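Worksheet: the structure to be examined is printed underneath.
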Number of protein chains: 2
Amino acid sequence: MARVVVDVMLKPEILDPQGQAVQRALPRLGFEGVADVRQGKRFELELAGPVDEAALERVREMARTFLANTVIEDFRVRVAEEVEEEGVGR
Amino acid sequence: MARVVVDVMLKPEILDPQGQAVQRALPRLGFEGVADVRQGKRFELELAGPVDEAALERVREMARTFLANTVIEDFRVRVAEEVEEEGVGR
């Protein structure tokens, strides 16, 4: 089984109140030096078949029509790399 | 300014009703062959200073204490790569 990741983030010109709330909370918690925070969604899809260009195009179509609201959000589709699977929880 | 990404996902053993709802909706929308979907959060932090090991350790501390609930969630901290910035909206 192959894993494909879809990252969905608000477009840069769209206000992100969730991210702002996180950014404003950080100094109160003792964390300085974070100039901006944006919060978005991450989908991990396990595909039953091979991850070829046709499969990735299908996932892009899912993202375009369903996972993201392309009026206000950008999305990015990529194959999960093995190296990404390391370091979980660190 | 350097960008650091924090991915927060439910631990594999924790039920993910959001991801399940997405997975069940896909066949109805004409998308077959997706065996599993997990939905999580992605934070993009712009750091004011250099992204050295000390800065990454601070971000890990933020993730551990604030961005993730480590009872039920895993997190992963990494520097955003330039290549990731390509292909937005594709």
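Observations, loosely collected:
- Of the criteria (1) modelled with pLDDT of 95 or more; (2) farther than 19 Å from B:Arg58 by Cα, which one A:Asp36 fails: (2)
- Number of the exception - B:Lys11 against (1) under 19 Å from A:Arg76 (Cβ atoms); (2) modelled with pLDDT of 95 or more; (3) not aliphatic (A, V, I, L, M): (1)
The values are calculated or read from the model by the stated rules, or taken from the named source; none is laboratory data. From a predicted model like this one, the values you see are computed outputs, not experimental measurements. Heads up, the Cβs are rebuilt from the backbone with ideal geometry, glycines too, and the neighbour counts pull from every protein chain shown.
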